[in-house]
1. Among the basic types (Lys, Arg) and either exposed (fewer than 10 other Cβ atoms within 10 Å of the Cβ) or in contact with a Leu (Cβ under 7 Å, 6 or more places away or on another chain) (or both): which single residue out of 42, 8, 61, 19 fits that description?
2. Being in a helix (DSSP H, G or I) and over 32 Å from the mean Cα position of the chain (by Cα) is true for just one of 77, 54. Which residue is that?
Amino acid sequence: MLNSALPKLEQLIEQLIVKNSSLSQDLAQAASQNEELAQQVKQLEDDNETLQLEALEQEEKHAATLEKINAIVGRLEQEEA
């Protein structure tokens, strides 16, 4: 019985070694993908912040332009009166 158990045990150990190696490779690949995704998230956050700042600048420019237009319209209305 011992003679038949030993080859089976060796076979199971070999299968575990192969499975462990495969899982280690999968883990390394997942870690690499995680790092890439983290870099992409950081880049997207930076891009988002830039776009928000640009939107605020445009809002300020539009407000200043609207103020100038209202001032011109106000003067024109005064001249007509």
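1. 8
2. Just one listed residue meets the conditions, 77.
All of the numbers you see were taken from the coordinates with simple rules; none came from a lab. A quick note: this is a predicted structure, and the numbers were derived from the prediction, not measured. In this analysis, Cβ positions are derived from the backbone assuming ideal geometry, glycine residues included, and neighbour counts consider all displayed protein chains.
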